[in-house]
1. Fully extended, how many nm does the chain gain between ALA225 and ARG33 (0.36 nm per residue separation, minus their Cα-Cα distance)?
2. Using modelled amide H (1.01 Å from N, peptide plane; none on Pro or chain starts), what sits under 5 Å from the amide H of VAL110, excluding residues fewer than 5 places away?
3. Stretched out fully, how many nm does the piece from MET215 to GLU47 gain, at 0.36 nm a residue minus the Cα gap?
4. What is the antiparallel percent of DSSP beta bridges lying wholly in region 9-286, to the nearest 5?
5. Report, to the nearest 10°, how far helix 29-53 tilts away from the longest principal axis of the Cα atoms in the chain, using its own Cα long axis and a range of 0 to 90°.
6. Could you check the simple spin-label distance between ASN271 and GLN123, using points 7 Å along Cα→Cβ, in nm with one decimal?
7. Between 0 and 90 degrees, rounded to the nearest ten: what's the tilt of helix 70-79 against the longest Cα principal axis of the chain?
8. Per residue of the chain, what 222 nm ellipticity follows from adding -39500 (n - 2.57) for every DSSP H run with n ≥ 4, rounded to the nearest 500?
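No value in this document is a laboratory result; all are computed from the given coordinates. The structure displayed is predicted, hence computed values, not measured ones. Reconstructed Cβ throughout: ideal geometry from the backbone, glycine too, with neighbour counts over all protein chains shown.
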Amino acid sequence: MDTIFDRNLDCGTAGTAVDTNHYALGYSESEFRRLEVQAALFRDFTEDVLRRAGLAPGMQVLDVGCGVGDVSLLAADLVGPSGSVLGIDRSKEALDVAKRRAAAAGRSNVRFAVTELEAFSTQQKFDAVIGRLVLAYVPDPVATLRRLLLCLRPGGVVAFQEMILLFARSIPDGPQFRLCHQWVLDAYKRAGSEPDMGGKLFGTFLAAGLPAPQMTAAARFEAGAQSPVYEYIANVLRSLLPMAERTGVATAAEVDIDTVAERLRSETVANDASIMLPPLVGAWTRLPA
């Protein structure tokens, strides 16, 4: 990505970009729609973390790896018209969606810019740096956090939220859920992503030189024939399928993606089961004043 979007911001130089395949879920239109659905499922959890972290009216916020803009728009609501949010992401296509959504929502206090996270630098100082489901996809989360701290004012907030993919489960267990879960885990691992990033947030903050964070965890439990969870899981697999095939996790024929949601629904309803989606761990702290 080579867009220079503000005279005070610098997207870096050649040689800093990460392989675009590192984001296991890809950048398709269907993935962008999936991200919007996922954001609706997890909005309350993220809002809780951002409020606990201290986001408040008038703050200047940097949202890293913002994708189609859900966390940026949520932060914009919290900081109000007297504050502002800059969302950055490597995908111009995702940010085109984010810009349209911000305009449709009448949010004039949020803007978006294309940059590789590892290449991002700025002279601007922010009151908070935030991100959701982004550190799992960077090669070196500690180095990324250290770099982002340069963008913060003294006393600034650092708040991130990440999944523990390993902890998703069906109760009672079912072979269809177990198979889908394993495909997701294997595809993430072979893409070089960290499936346990939520569990590693505490150590990552400390290694980056931050004060020990406060932390919470929250998970959605879903059950019944009308739950959106089956389509949600199927769409995660749909986005992961190219990576799964490329890395030898599974073939399209084995996954049979168009029947995944119904297979999961039938198994869960027949077993009077509930599905716990991967917990979201939130961690937040402040720089010394």
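1. Additional length available on full extension: 66.9 nm.
2. For VAL110, whose amide H was placed from the backbone, the distant partners under 5 Å are VAL85.
3. Working: separation 168, 0.36 × 168 = 60.48 nm, distance 1.38 nm.
That works out to 59.1 nm of additional length.
4. Within region 9-286, antiparallel bridges account for around 50 percent of the total.
5. 60
6. 5.9
7. That helix lies at roughly 40 degrees to the long axis.
8. -12500 deg cm²/dmol
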